[in-house]
Structure formats: C-alpha cells, structure tokens
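The values are calculated or read from the model by the stated rules, or taken from the named source; none is laboratory data. Small disclaimer: the values here were computed from a predicted structure and weren't measured. All Cβ positions, glycine included, derive from the backbone under ideal geometry; neighbour counts span all protein chains shown.
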Amino acid sequence: MKLSDFKYKLPEKLIAQYPADKRDKSNLMVLDREKQAIEQRVFSDIVEFMNPGDCLVVNETKVFPARLMGTKDKTDAQVEIFLLRELENGLWEVLVKPARKVRVGNRLSVNNKLWCDVIDNTVSGGRVVRFNYEGDFFDIVDKIGQSPLPPYIDRAPEPSDKKRYQTVYSKVRGAVAAPTAGLHFTEALLKKLKQKGVKVVPVVLHLGLGSFRPVVVEDLSRHKMDSEYYEIYEETANVINQTRKEGGRVIAVGTSTTRSLETAVTSEGWTKAARGWTDKFIYPPYEFKVVDGLITNFHLPSSTLLMLTCAFGGRDFVFKAYRKAIREKFNYYSYGDAMLVI
C-alpha cells in the first residue's frame with residue numbers, strides 16, 4: 001500500500017482540544033472483524049467485550065515535562081529545548097527552536113543548575129546535547145519543564161493537563177507523548193475487568209516524536225521510524241504466553257503496546273522478556289503474531305499509527321469506521337474518542 005491510501009479529510013472542529021469530562025465516558029466504536037460489524041458504545045462498556053481469561057496489556061510509560069526554555073550563551077537569545085530521548089547518562093537527543101540559530105559548540109543555559117552543550121546534529125533535524133546539572137536531572141526538569149501537548153491541540157497547557165495527559169497506571173518516566181488509548185481507563189474500570197477474570201499486565205514503550213513524525217515517502221517501505229525504548233517484563237511475557245496456551249485473547253491498549261509486543265516475539269510466535277530500542281514500523285499487509293485485539297484512538301491522516309490500525313483491522317473496514325465516526329461527530333486524536341478492534 002502507498003502513503004496516499006491513508007489520507008482522509010477531517011473537519012477541524014472534531015479535533016479534541018480537551019479530554020472528556022470523565023475518562024471512561026468518551027465514545028467507543030467497536031469493530032468486529034469477523035462479522036464486519038461496527039457498534040457505537042461508551043468506553044466503560046468495554047467490559048462487555050472482554051472475556052474471562054483474556055489478557056489486557058497496558059503501556060505504563062509516564063510523560064514528563066519535556067519542554068525547557070533556555071538562552072543561548074553570549075547572545076542571550078531565547079531557545080526552546082524539547083527533550084526527545086536520553087542516549088546515555090546526561091546525553092540527550094533534543095529538538096531546538098529556532099533550530100537555525102543553534103549550532104554545534106553552542107552552550108544553552110536553562111538556569112543556574114542546568115545547562116547543556118550542543119555536540120552534534122541528528123539525521124532527523126534535531127541536536128545531541130550533553131547536560132550539566134547540579135542534583136537529580138529529572139527532579140530539576142519536573143520543577144521547571146512544561147508538559148508537552150500535541151501541536152494539533154491549539155491552546156496552552158493548563159494545570160489539569162498534567163493529570164489528564166497521563167494514564168492512571170503510568171509509572172516509568174520517559175515519554176514525551178502519552179499513550180493516548182490508555183487515557184480512557186479509570187482505576188474503577190480496571191478493577192471491573194480484573195473482577196471479570198481479565199488479566200492486566202504492563203509493558204513499557206517511551207513514546208518519542210518518532211511515532212508521530214509524518215511519513216513523507218509514497219513508498220511505505222522507505223519510511224524509517226525513530227527508535228524508541230521498550231521493555232517487556234518477564235512476568236508479563238509469561239502471562240501473555242499462558243493466556244494464549246489457554247485460548248484467551250491478548251488485547252493491546254494502544255499502538256505503542258502493540259509495537260512492543262510485536263517486537264519481542266520469537267520465531268515460534270511466543271512473547272519473550274526483552275528490553276532495548278525498537279523502530280518497528282507496522283503497515284498493511286502485516287501478520288500479527290501476538291495481538292488479538294486493539295484499543296486505540298482515532299489518528300492523524302497518513303500517520304504510522306493509522307497505518308498500524310489498518311494493518312490490524314483492514315484498511316477498508318477501518319476507513320468505513322472513520323467515516324462513520326465523522327458523521328457521528330466523534331472526537332479525534334489524543335484527547336478524542338476510542339476504538340476497539342477485535
């Protein structure tokens with residue numbers, strides 16, 4: 001398939017600027033692949049579509065305030081420093097604005113406890129910097145950094161975003177964007193699922209901007225994903241494999257979770273404990289080896305997230321659901337409504 005196969009027109013008014021008043025009261029569109037049926041529900045109804053013995057896999061990554069404001073030494077010019085990923089202790093890949101004014105050798109000062117030296121350019125147009133700091137790096141960033149919101153949310157971050165742009169099960173700090181499919185879950189909803197006999201297990205994939213970087217080549221095989229850190233815990237792998245042996249389904253919450261699971265798989269199709277970096281790009285046609293169900297949001301046209309969803313649900317079926325969602329005035333993107341594909 002080609003890039004042009006994943007374009008569609010979305011009215012701007014359907015791009016959610018704020019989350020639903022209650023996490024689990026957003027709309028849910030259920031896609032049954034076998035029956036080719038589409039059903040419109042509320043997200044809290046998702047319990048009805050889970051069976052005892054199923055396994056729900058969540059991404060417990062935690063968003064941190066990755067946007068820093070600094071000044072360029074000697075000129076005092078204002079520079080935005082957006083933390084993308086830590087390469088090693090103190091060494092980070094970042095985006096800077098205005099990029100044209102930031103060169104290798106420059107020093108950027110955030111405050112008297114945090115500054116960095118620009119040591120390299122990256123292939124994706126960013127910079128590699130080495131931070132110098134006094135104290136704990138993340139403690140400093142948590143105090144002075146700004147929580148990132150996607151660029152299509154056309155407003156400044158508000159205090160409530162710090163909580164709502166985070167899943168209730170987030171634990172492992174390292175993402176610059178939220179795994180938004182998980183934003184719909186509440187503690188009470190997860191408890192109901194467990195009471196029904198659904199096993200809930202975590203993985204980690206720290207979302208960077210690579211997941212959202214536009215695809216610009218018509219030939220999808222030429223697109224290169226930026227690497228993102230992931231981890232599959234041994235206990236999680238064991239539960240997933242046991243679920244499959246017993247005939248249960250593995251339901252992935254989000255495209256990030258899906259990419260983690262489809263990365264850490266043996267040649268025989270079993271999930272293995274693993275950690276490292278993944279640049280796995282899933283687009284049609286693709287044979288899923290682990291995931292039997294997918295919970296996801298409604299994604300940007302021509303995005304890698306939409307392509308993965310189409311690989312799982314079928315391009316024509318998913319686009320049929322997208323057209324219905326537009327007619328029914330569903331909310332789209334990060335703070336928008338959800339889709340369950342089973």
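For the condition part of a helix (DSSP H, G or I) and closer than 18 Å to Val58 by Cβ, what is the one hit in Leu340, Leu308, Leu294? Write out each step before concluding.
Numbers: Leu340 fails: part of a helix (DSSP H, G or I); Leu294 fails: part of a helix (DSSP H, G or I).
Being part of a helix (DSSP H, G or I) and closer than 18 Å to Val58 by Cβ holds for just one of Leu340, Leu308, Leu294, which is Leu308.
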Task: Considering residues of the stretch 281-298 that are closer than 19 Å to Ala178 by Cα and of a type in the set (A, V, I, L, M, F, W, C) only, the residue surrounded by the fewest Cβ atoms within 10 Å (Cβ to Cβ) - done: Phe281
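I need a count of the residues in the stretch 135-161 that are within 16 Å of Gly182 (Cβ to Cβ) and modelled with pLDDT under 90.
Applying the first criterion (within 16 Å of Gly182 (Cβ to Cβ)) to the stretch 135-161 yields 150, 161.
Next, only the ones that are modelled with pLDDT under 90 stay: 150.
Qualifying residue count, the stretch 135-161: 1.
To keep it simple, each residue is scored yes or no on (1) under 17 Å from the mean Cα position of the chain (by Cα); (2) of a type in the set (Gly, Ala, Ser); (3) under 21 Å from Thr61 (Cα atoms).
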{"residue": "Pro148", "(1), (2), (3)": "yes, no, yes"}
{"residue": "Pro159", "(1), (2), (3)": "no, no, yes"}
{"residue": "Ala177", "(1), (2), (3)": "yes, yes, yes"}
{"residue": "Gly182", "(1), (2), (3)": "yes, yes, yes"}
{"residue": "Ala188", "(1), (2), (3)": "no, yes, yes"}
{"residue": "Gln195", "(1), (2), (3)": "no, no, no"}
{"residue": "Val216", "(1), (2), (3)": "no, no, no"}
{"residue": "Met225", "(1), (2), (3)": "yes, no, yes"}
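State whether one or more residues within the stretch 49-68 are hydrophobic (A, V, I, L, M, F, W, C), closer than 19 Å to Arg327 by Cα and surrounded by fewer than 21 Cβ atoms within 10 Å (Cβ to Cβ). Working first, answer last.
Here is the first cut: in the stretch 49-68, the ones hydrophobic (A, V, I, L, M, F, W, C) are 49-50, 55-58, 63-64, 66, 68.
So of that shortlist, the ones also closer than 19 Å to Arg327 by Cα come out as none.
No: the stretch 49-68 contains no residue that is hydrophobic (A, V, I, L, M, F, W, C), closer than 19 Å to Arg327 by Cα and surrounded by fewer than 21 Cβ atoms within 10 Å (Cβ to Cβ).
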TODO: Quickly run through the stretch 11-37 and pick out the residues that are within 18 Å of Leu306 (Cα to Cα) and either surrounded by fewer than 16 Cβ atoms within 10 Å (Cβ to Cβ) or free of Cβ contacts under 8 Å to residues at least 24 places away in the same chain (or both).
DONE: Pro11, Glu12, Asp32, Arg33
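Quick grid of which residues meet (1) touching an Asp or Glu at 6+ places or on another chain (Cβ under 8 Å); (2) more than 29 Å from Asp161 (Cβ to Cβ):
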{"position": "Met1", "(1), (2)": "no, yes"}
{"position": "Lys9", "(1), (2)": "no, no"}
{"position": "Asn27", "(1), (2)": "yes, no"}
{"position": "Ser44", "(1), (2)": "yes, no"}
{"position": "Glu80", "(1), (2)": "no, no"}
Open item on the list: Phe131 - would you say it is in contact with a strand residue (DSSP E or B) (Cβ under 6 Å, 6 or more places away or on another chain) and in the same structural domain as Ile251 (by TED's automatic domain parsing)?
Closed with: no
Task: Search result, residues across the stretch 69-96 that are crowded, with 19+ Cβ neighbours inside 10 Å and of a type in the set (Asp, Glu) - done: Glu93
TODO: Residue by residue through the stretch 74-95, note down the ones that are of a type in the set (A, V, I, L, M, F, W, C), in contact with a Gly (Cβ under 6 Å, 6 or more places away or on another chain) and within 13 Å of Phe64 (Cβ to Cβ).
DONE: Leu84
